[in-house]
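The values are calculated or read from the model by the stated rules, or taken from the named source; none is laboratory data. Keep in mind it's a predicted model, so treat the numbers as computed, not measured. Please note: Cβ atoms are built from the backbone with ideal geometry, for glycine as well, and neighbour counts cover all protein chains shown.
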Amino acid sequence: MNTTHYLVAGASHAGLEAVHRIRLVDETSPITLVTRDAHAPYSPTILPYVVSGQSAPERVVLRPADYFLQHNVTLISDNELVSIDETGKQVTLKSGDRWQYAKLLLATGADPIIPPIPGLSETPYHVLRTMQHAIDLRDHAGKVKRAVVLGAGLIGMHGAENLRHAGLDVTIVEMCDQVLPGYFDARAAAVIEHAFNANGIRMLMGSRVVRVEPLGDGCRITLENGDSLEADLLLVATGVKPQLDYLKGTSVQVDQGILVDRRMRTDAPHIWAAGDVAQAADFYGEEKVMMGILPDAVTQGAVAAMDMTEDHALKPYIGGVPINTYTFFGQQAISVGQSLADASLEELTRVDEDHGRYLKILLKENRLQGISSINQEMDAGIMWQLILRKVDLTPVKDAFIARPLETGRALMSSTWR
Amino acid sequence: MTAYNTIAFDPSRCELCNDCDACITACAQVKSGSDDPLYSRIKIVAGFNGNPPELALCRQCGDPECVKSCPSTALTKNPDTGLIDWEKSLCVDCLLCTVGCSYGGITYNATLKHVAKCDLCDGDPACVKACPSGALSYITSAGIFNEQHEREDLFVPGLSACQGCNSEMIMRHSLRKVGPDTVLATPPGCIPGMGSVGFNGTTGTKVPVFHPLLTNTASMLAGLKKQYNRMGRNVTAMALAGDGGAGDVGFQSLSGAAERNDQILFICVDNEGYMNTGMQASGSTSYGSWTTTTPVGSEMKGKRTSQKNLAMIMMNHNCEYVATASTAFVEDYYEKLDKALAASERGFAYLHIYSPCPTGWRFPSSQTIEVCRKGVETNFAPLWEYERGGDLHFTHPIDNPLPVEAYLNLSGKYRHVNAEQLACIQQQVNERVRTLKRYAGQ
């Protein structure tokens with residue numbers, strides 16, 4: 001039996017931030033970090049750039065090996081949790097090793113969803129969630145001409161663009177009528193879709209795949225309308241969800257992910273969860289939500305670690321705010337907070353067709369609820385803070401609407417001193 | 001923790017130049033060879049509703065969110081320089097760093113097609129050099145804090161000074177530097193009052209400390225020093241006294257020791273009054289100040305007489321070394337402390353440290369250093385030094401002083417000051433500088 005004080009499962013942004021925060025206040029208690037990956041810690045966000053060759057796998061390591069030595073962290077790679085005994089405060093790893101913990105953080109991320117498309121399981125396809133996936137996809141992409149991407153979410157869009165940069169003919173097949181639903185409104189989505197078309201990516205929106213079958217070294221994809229596509233390479237990017245089998249037999253409550261409170265505590269004693277695996281408070285409503293974005297994973301990892309270490313500076317998690325900084329073919333679409341107006345919101349929109357610029361501000365009782373822009377200079381972090389802090393914009397409302405960038409900077413700068 | 005050099009911004013000075021944008025142009029020029037403000041990594045933005053200007057610039061945060069939000073490792077915190085370094089070849093232009101930053105310190109440049117941020121120009125920032133008003137300054141005192149960190153704090157933890165107390169900072173810094181071979185005298189005042197002389201049967205220092213009467217601090221130290229000299233031990237005889245213990249009640253012994261040029265390091269922490277006993281006025285209390293013995297009512301409008309200039313009085317003793325100092329200018333203070341310590345081996349060394357008091361002067365505890373700084377920048381508290389036989393020398397000359405209101409407005413003790421009193425205070429400040437300049441041979 002191995003013993004540790006803190007056991008952190010998952011070595012991406014939430015897990016690494018938790019380790020960092022723990023060491024800020026607890027320099028000595030043993031920390032053990034378990035990751036299923038054989039590679040050194042990396043960000044899932046970087047993977048599409050590994051596919052295109054822009055990022056080399058060995059240059060995107062989030063923590064060098066000596067970081068773990070210096071901070072007295074035992075890193076266990078290529079291993080993962082298979083079960084938890086919450087009363088005995090023990091976990092069993094895939095290797096069969098057992099670890100006794102005092103406090104356990106689950107930051108195990110999410111896995112690709114494989115849609116139940118007839119024939120898919122018999123057909124070779126790629127997903128993109130781990131470094132090995134990215135390397136495999138990159139190597140395969142280097143040898144073929146035609147790629148089909150299922151899904152126009154973030155991974156699908158980034159994946160498609162980077163496959164295009166790698167020189168392939170790319171087609172995206174998406175069930176929804178717009179790209180990146182939930183992050184951008186239809187207008188912003190149309191600009192993004194247009195840029196993809198203009199850069200030679202075929203966009204088959206509102207299309208459902210009814211069958212996939214192997215064809216030579218590649219595959220054939222049949223759509224609901226009867227059309228069919230042939231591809232040398234198929235990337236399935238239809239979303240992610242956490243793999244939670246290791247929770248069997250515990251009192252950890254789950255819905256889409258692990259349900260946590262505002263301190264990232266699960267329903268089981270001494271067990272916390274953070275990042276893509278967690279389903280936590282929503283900033284806007286009562287329902288707990290899956291956020292799945294990097295800055296939020298960092299925040300959740302920090303909150304969990306501060307609670308685990310009983311750090312008095314802990315401020316409970318305010319709730320998730322959707323944020324997306326999306327760059328595509330040299331353009332930028334940025335969305336912070338709500339992207340769709342409802343009856344309770346004041347909507348202000350500014351369009352500059354000539355320069356392909358667009359700005360939308362959503363206010364509620366003179367407080368910022370959401371802001372989205374295309375090809376406009378935008379400080380996403382400042383807007384995020386204005387939303388989170390519920391800053392009353394009444395005294396500066398006209399200035400904020402006319403010049404959100406400068407006014408936001410002045411507001412946040414004034415909080416610095 | 002390591003301290004790092006940094007750019008400081010003073011909005012009240014920036015305001016004076018009315019959107020000159022010199023820093024912005026200088027940054028754009030040095031980073032991109034262009035005058036286009038879009039290339040600048042420093043942005044001055046108008047304050048809202050008539051407030052002073054604000055600053056969008058990388059703060060080189062200690063625990064930076066931009067670095068944590070970077071998936072490509074293009075952003076890293078450099079542990080040696082404190083800079084947040086950006087490596088172009090690693091960046092994938094995802095803009096997630098801009099989500100991490102609450103101050104607009106890292107922004108996307110649509111022409112360059114990547115993010116850009118301040119790199120402090122390798123320690124010689126172009127914006128600071130270009131700033132005509134001194135609103136931007138490059139603070140290099142970090143080295144002092146790193147160096148002092150290595151030395152032992154010779155006061156115990158847990159002294160009960162008020163929040164924001166300047167005196168506690170002065171005494172901890174000073175004794176750290178002076179070192180353990182010291183006998184310390186702290187006559188009645190805030191410094192022993194906060195527990196440094198001892199409580200519950202233990203002393204509040206890790207060096208021998210004693211609590212003389214207000215009247216005899218300097219003479220007791222003179223005797224102690226002579227005895228140590230007789231024993232052949234090199235021990236610094238040091239006093240940490242308030243302005244009352246130095247210049248009022250303590251003055252005859254102080255003057256005598258200075259006249260005899262006894263080997264003493266005498267530090268006067270001047271908070272302009274008897275702050276620990278309930279904020280009564282002293283001879284150092286400035287004209288117009290509210291104190292509990294110079295109240296503000298229908299007749300009296302604060303102190304009616306001017307403060308005496310104790311540092312100049314000490315200079316006229318022609319002792320070994322006399323200097324004024326302020327905690328807003330620590331590099332200056334440490335140079336003077338070094339000189340004073342060396343001078344105290346030869347004779348009498350006197351340091352006069354302006355020490356604004358948040359409790360007694362009525363300003364927020366977060367503003368102590370700002371009040372100190374404004375005192376110097378308005379010439380209310382000029383920084384100078386004098387070595388026996390030489391001229392007075394300004395160590396931080398202020399060529400274009402701010403109007404004295406910039407200093408007075410920060411403290412509640414001057415809140416009632418009317419136009420007539422203000423003119424009087426400004427005149428006193430001007431006269432004092434004129435007198436000092438005569439001593440400086442200017």
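(1) away from chain B (no Cβ under 11 Å); (2) at pLDDT 90 or above; (3) touching a strand residue (DSSP E or B) at 6+ places or on another chain (Cβ under 7 Å); (4) surrounded by 20 or more Cβ atoms within 10 Å (Cβ to Cβ): which one isn't true of A:SER339, the others all being true?
Evaluating A:SER339 over (1) away from chain B (no Cβ under 11 Å); (2) at pLDDT 90 or above; (3) touching a strand residue (DSSP E or B) at 6+ places or on another chain (Cβ under 7 Å); (4) surrounded by 20 or more Cβ atoms within 10 Å (Cβ to Cβ) leaves (2) as the failure.
Of the numbered conditions (1) over 30 Å from A:LEU368 (Cα atoms); (2) hydroxyl-bearing (Ser, Thr, Tyr); (3) surrounded by fewer than 18 Cβ atoms within 10 Å (Cβ to Cβ); (4) touching a residue at least 40 places away in the same chain (Cβ under 8 Å), A:TYR284 fails exactly one; give the number of that condition.
The one condition A:TYR284 does not meet is (1).
Can you tell me which residues in the stretch B:47-95 are away from chain A (no Cβ under 11 Å), among the acidic types (Asp, Glu) and not in a strand (DSSP E or B)?
Within the stretch B:47-95, B:ASP80 is the sole residue that qualifies.
When the stretch B:291-323 is examined, which residues are found to be of a type in the set (A, V, I, L, M, F, W, C) and closer than 21 Å to B:ALA340 by Cβ?
Those that are of a type in the set (A, V, I, L, M, F, W, C) and closer than 21 Å to B:ALA340 by Cβ: B:LEU310, B:ALA311, B:MET312, B:ILE313, B:MET314, B:MET315, B:CYS319, B:VAL322, B:ALA323.
Give the stretch A:384-396 a look and list any residue that's more than 9 Å from chain B (Cβ to nearest Cβ), surrounded by 15 or more Cβ atoms within 10 Å (Cβ to Cβ) and part of a helix (DSSP H, G or I), or say none.
A:LEU386, A:ILE387, A:LEU388
Looking at B:ASN234, B:ASN309 in this structure, which one is modelled with pLDDT of 95 or more, surrounded by fewer than 24 Cβ atoms within 10 Å (Cβ to Cβ) and within 21 Å of the chain's Cα centre (by Cα)? Talk me through it step by step, then tell me what you get.
Values: B:ASN234 fails: within 21 Å of the chain's Cα centre (by Cα).
Among B:ASN234, B:ASN309, only B:ASN309 is modelled with pLDDT of 95 or more, surrounded by fewer than 24 Cβ atoms within 10 Å (Cβ to Cβ) and within 21 Å of the chain's Cα centre (by Cα).
When you go through (1) buried (at least 16 other Cβ atoms within 10 Å of the Cβ); (2) away from chain B (no Cβ under 12 Å); (3) in contact with a Leu (Cβ under 9 Å, 6 or more places away or on another chain); (4) not acidic (Asp, Glu) one by one for A:TYR317, which number turns out not to apply?
So the condition that A:TYR317 fails would be (3).
Please go through the stretch A:360-383 and give me each residue that is acidic (Asp, Glu) and either crowded, with 24+ Cβ neighbours inside 10 Å or under 21 Å from the mean Cα position of the chain (by Cα) (or both), ordered by number.
Passing the criteria: only A:ASP379.
Within the stretch A:355-369, does at least one residue satisfy the condition of being at pLDDT 90 or above, at the interface with chain B (Cβ under 10 Å from one of its Cβ atoms) and not in a loop (DSSP other than H, G, I, E, B)?
No, the stretch A:355-369 has no match at all.
What pairs come out if I take residues in the stretch A:39-51 that are over 17 Å from A:ALA152 (Cβ atoms) and pair them with residues that are among the hydroxyl-bearing types (Ser, Thr, Tyr) whose C-beta lies under 6 Å away, six or more apart or interchain?
Short answer, once both residue conditions are applied: A:ILE46/A:SER55; A:ILE46/B:SER72; A:TYR49/A:SER55.
Going through A:ALA297, A:ALA302 one at a time, which residue ends up being over 19 Å from A:MET383 (Cα atoms), in contact with a helix residue (DSSP H, G or I) (Cβ under 7 Å, 6 or more places away or on another chain), within 14 Å of another protein chain (Cβ to nearest Cβ) and not in a strand (DSSP E or B)?
On the way: A:ALA297 fails: over 19 Å from A:MET383 (Cα atoms).
After applying the criteria, what remains is A:ALA302.
Would you mind stating whether B:GLY247 is touching a residue at least 60 places away in the same chain (Cβ under 8 Å), under 24 Å from the mean Cα position of the chain (by Cα), in the same structural domain as B:HIS352 (by TED's automatic domain parsing) and closer than 18 Å to B:GLN421 by Cβ?
So B:GLY247 fails the test.
Got a sec? Which strands (runs of 3 or more DSSP E) wholly within the stretch B:333-424 have at least 2 residues that are modelled with pLDDT of 95 or more and more than 23 Å from B:LEU240 (Cα to Cα)? Quick ask: steps written out before the conclusion?
Details: elements: B:348-354, B:384-387, B:392-394.
Of the strands (runs of 3 or more DSSP E) lying wholly inside the stretch B:333-424, those with at least 2 residues that are modelled with pLDDT of 95 or more and more than 23 Å from B:LEU240 (Cα to Cα) span B:392-394.
Mind checking which residues of the stretch B:96-123 are assigned to a helix (DSSP H, G or I) and either surrounded by 22 or more Cβ atoms within 10 Å (Cβ to Cβ) or modelled with pLDDT of 95 or more (or both)?
Residues satisfying the conditions are B:LEU96, B:CYS97, B:THR98, B:VAL99, B:GLY100, B:LEU120, B:CYS121.
Here are the criteria: (1) farther than 19 Å from B:GLU65 by Cβ; (2) without any contact (Cβ under 8 Å) to a residue 60 or more places away in the chain. Tell me which single one B:GLY123 does not satisfy.
The failed condition is (2).
When you go through B:GLY244, B:GLY288, B:GLY278 one by one, which is the residue that is touching a Cys at 6+ places or on another chain (Cβ under 8 Å) and either under 30 Å from B:TYR414 (Cα atoms) or assigned to a loop (DSSP other than H, G, I, E, B) (or both)? Steps first, answer last, please.
Details: B:GLY244 fails: touching a Cys at 6+ places or on another chain (Cβ under 8 Å); B:GLY278 fails: touching a Cys at 6+ places or on another chain (Cβ under 8 Å).
Selected residue: B:GLY288, the only one of B:GLY244, B:GLY288, B:GLY278 that is touching a Cys at 6+ places or on another chain (Cβ under 8 Å) and either under 30 Å from B:TYR414 (Cα atoms) or assigned to a loop (DSSP other than H, G, I, E, B) (or both).
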